[in-house]
Amino acid sequence: MPRGVRTTRMLELDDGRQKNARVIAVMNNKGGCGKTTTAMALGMYLARTGNSVLFCDNDPQSNLTQRLGISDDEMMDRRLNYLFKNAERKEDLTIIAKYPYLQRLHGNDEKPGTIGILPGSHFAEIEANALAKNLVQGNPDLGHRDISRYYKDRIHFYKSYYDYIVIDTAPALEGNILNVLALKSSDHIIYPIDGLEAALGLRGIMNWMSYETRNMDKRPNGLFVMVKYQRDTVNLSPGGIPDAKMRNTVYRTMKNIFGDLVCDNGVRELRSLRYAIPGFGGKTEFTRMSEEISMKIRDDDLPNIFEYVLQNGLMMRYEGELSKIKSVVQRRSPNFRTPRYLSTPINFNDQIEDA
């Protein structure tokens, strides 16, 4: 145990809570769309309402780890890379964060729960790839022949002690083994959408996730949520009808097509909201967003995102609507021409002499 870190006893959840424990990954192929912000806001909200929450930082940038107060040079022997580097030892690398700003949610009688974290590491992806190769070669000491099963087993162990496990992930989904592990171990995926660019990448995300989960008996479900979005400067809604709740044309398009899979509550890009995540006092847009997410992931009647989005022919309609928005937004886009290079022969020896 590192110096300065005390041991905290974690009691197993009762059978009912273990059965209801959830693993939630926050994912999107686009960088800067609010994944870390959403993961932390959601986890803090769940902890404020009496749940035990474990943050898993699967992003090599480790921004979630930093936001919880762990610098890059702290807890070096308790980070995600050791989960793969020392797979045969099955050590518990998590630590309990005594978060000073964690307060009971106003109107809720539950005492705030426990917050744990499995810190991220710049070397986690390297060690995960090395373990995956080792497992394929059949190392008998590790007890697994597939890294996805190994990682899922480790996450399943933590579900005995935490009501929620919230996994932050890196952008660039394809080819990232940590994102594959998060996807295959999760019950729910939260997709933050910050604007048109993230919305346009939805087909690629859905196709990648559908491919990676094709052999799973039960695929994770998912939700879309607007985070760090900007209000429309002009009304781009069909027929010029304003939306008093959230005047954002990307949101309206997604809501009209994907229905309840899109959260009604989002978070605007406002300087005053950047640090107003749940845990810092009163309710904010983060609180309302997180509250809706926590309700929806418990809704058994919610359609599965893969079946609904990919198999109902909605994606073509969705992309058609987005192309209309794109044409309006890019009215002043650049005009491109093929360059025609004109030059005279260059004598490099002459240039050297001149120099």
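Any read-out appearing in this document is the output of simple, stated calculations on the displayed coordinates, not a laboratory observation. All figures in this text were calculated on a predicted structure; none of them were measured in a lab. Note that we place each Cβ from the backbone using ideal geometry, even for glycine, and neighbour counts take in every protein chain shown.
Using only C-alpha positions, report the orientation-averaged shadow area of the convex hull of the stretch 20-329, nm², one decimal. Could the numbers behind the result be given before it?
Working: hull surface 65.4 nm².
Computed as one quarter of the Cα hull surface, the answer is 16.4 nm².
Where the only charges are on Cβ atoms (+1 Lys, Arg; -1 Asp, Glu), what is the dipole of the stretch 1-154 about its Cα centre, to the nearest 20 debye?
Once rounded to the nearest 20, the dipole reads 280 debye.
With unit charges on the beta carbon (Lys/Arg positive, Asp/Glu negative), name the residue among S52, N29, M75 whose Cα is farthest towards the positive pole of the charge dipole of the stretch 1-146.
Comparing the listed Cα positions along the dipole, S52 ranks first.
For V262, list long-range residues whose amide hydrogen, built 1.01 Å from N in the peptide plane, is under 5 Å from its own amide hydrogen.
F224
Can you give me the long-range amide H partners of G116? Hydrogens built in the peptide plane at 1.01 Å from N, cutoff under 5 Å, separation of 5 or more residues or another chain.
For G116, the qualifying residues are V53, L54, F55, A97.
For E174, put the label point 7 Å out on the Cα→Cβ axis and report which residues of the stretch 24-58 keep their amide N under 20 Å from it.
Under cut-off, by backbone N: 27-33.
Size of the dipole of the stretch 20-329 about the Cα centre, Lys and Arg at +1 and Asp and Glu at -1 on the beta carbon, nothing else charged, in debye to 20?
460 debye
Fewest first, what order do R48, R337, R219, R104 take by the number of other Cβ atoms within 10 Å?
Exposure proxy ranking, most exposed first: R337, R104, R219, R48.
Mind sorting I115, I297, I126 by how few other Cβ atoms lie within 10 Å of their own Cβ, fewest first?
I126, I297, I115
Karplus couplings for the stretch 125-136 from phi (6.51 cos²θ - 1.76 cosθ + 1.60, θ = phi - 60°), rounded to Hz, Gly and Pro as x?
Calculated HN-Hα couplings, in order: 5, 4, 5, 5, 5, 5, 5, 4, 5, 5, 5, 4 Hz.
Can you sort Y82, Y308 so the residue with the fewest Cβ neighbours within 10 Å comes first?
Fewest to most other Cβ atoms nearby, the residues stand as Y308, Y82.
Checking the table K35/K159; K30/K255; K35/K98; K184/K283; K152/K255; K228/K296 against a 31 Å threshold on Cα-Cα, which pairs fail?
Result: K184/K283; K152/K255 exceed 31 Å.
Taking only the C-alpha atoms, wrap a convex hull around the stretch 61-203 and report its volume per residue in Å³ as a whole number.
It comes to 147 Å³ per residue, whole-number rounded.
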